[in-house]
Amino acid sequence: MLIHPTVERLRPIGLIAMADALLELQNNPEAAEAPHEDWLGLLVDREVTYRENRKLKRRLGIAKLRQSAVVENVDYRHPRGLDRALFQTLATSQWIRDHHHLTIVGPTGTGKSWLACALGHKACRDGFSVLYKRAWRLFSELAQARGEGRVSRLLTSIERTQLLIIDDWGPEALTAEQRRDLLEIVDDRCEKGSLLITSQIPIKQWHALIGEPTIADAILDRIVHNAHRIELKGPSMREQRQQQARVK
């Protein structure tokens with residue numbers, strides 16, 4: 001069988017992984033005895049895997065997650081109050097399919113951002129579009145976009161994202177402009193997308209953090225009442241690891 005002409009016809013139509021796999025099979029003496037249906041199955045699997053990995057790489061590139069974290073590496077041993085059963089349920093991404101939200105609060109160093117990035121990475125693996133933003137950067141980009149006359153376009157882009165991660169919100173109170181932006185972002189996600197917020201500030205203080213009571217009520221009603229909660233506590237994991245490193 002002439003393999004090379006077939007390979008050269010596969011590449012122009014985008015079946016690159018299938019072409020590479022076909023060459024590998026030809027050069028593998030053990031594959032010569034395999035049934036044709038086995039060859040076809042392997043070629044299709046290779047092409048599907050290649051395309052899925054390429055899509056995942058693109059989603060991760062857009063997400064711009066701050067940390068390289070995966071749910072498989074979560075540390076449940078550290079005494080920070082992380083509910084293993086809850087987190088493993090969240091790692092299925094069903095809460096995103098259901099358009100629910102998630103809040104992760106706790107002191108500095110308890111791993112809020114790491115957990116958020118791990119769930120963001122898992123969401124990308126599960127086929128969801130994700131966008132990670134530090135809170136101060138998000139509001140800064142919105143302010144800049146407003147000054148350049150493209151804030152509507154930016155908000156539309158955010159709205160289309162299935163999971164928006166706002167990391168490290170607080171402790172500074174929101175300005176009037178930031179309150180309006182946050183209300184629009186939260187309102188746009190109602191029944192259409194999910195929001196993950198991390199903060200050092202306990203949820204009971206978020207109303208004061210937002211500021212204007214009417215807008216604060218509207219924002220919190222849309223977030224908190226439809227959200228899963230992770231409340232971390234205990235000493236800083238970062239400090240403990242630094243101390244252990246010095247001991248070693």
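Each value in this text was obtained by applying a stated rule to the coordinates, not by laboratory testing. Keep in mind that this is a model prediction, so the values were computed, not measured. Heads up, the Cβs are rebuilt from the backbone with ideal geometry, glycines too, and the neighbour counts pull from every protein chain shown.
Listing for the model above:
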read-out: FRET efficiency estimate (nearest 0.05) - Cβ-Cβ, LEU220 to LEU60, R0 35 angstrom; value: 0.70
read-out: Lysines whose Cα lies under 28 Å from that of LYS233, excluding same-chain neighbours fewer than 8 positions away; value: LYS64, LYS112, LYS122, LYS133, LYS204, LYS248
read-out: Span-rule helices in the chain, defined as complete DSSP H runs reaching 27 Å or more along the axis (Cα) with Kyte mean at least -1.0; value: 36-63
read-out: ARG153 versus ARG11: modelled label distance in nm, points set 7 Å from Cα along the beta carbon direction; value: 3.8
read-out: Relative contact order for the chain, counting Cα pairs under 8 Å that sit 6 or more residues apart, in percent; value: 24
read-out: Footprinting exposure proxy for ARG54, ARG134 (fewest neighbouring C-beta atoms within 10 Å first); value: ARG54, ARG134
read-out: Overall form of the chain per C-alpha gyration tensor (a/c, 1.5; a/b vs b/c); value: prolate
read-out: Ranked VAL70, VAL224, criterion: other C-beta atoms within 10 Å, fewest first; value: VAL70, VAL224
read-out: D (Stokes-Einstein, µm²/s), Kirkwood Cα radius, the stretch 129-187, 0.692 mPa s at 37 °C; value: 280
read-out: Cβ-based exposure ranking for THR92, THR110, in which fewest neighbours within 10 Å come first; value: THR92, THR110
read-out: Helix-derived mean residue ellipticity, 222 nm - over the chain, DSSP H n ≥ 4, -39500 (n - 2.57), to 500; value: -16500 deg cm²/dmol
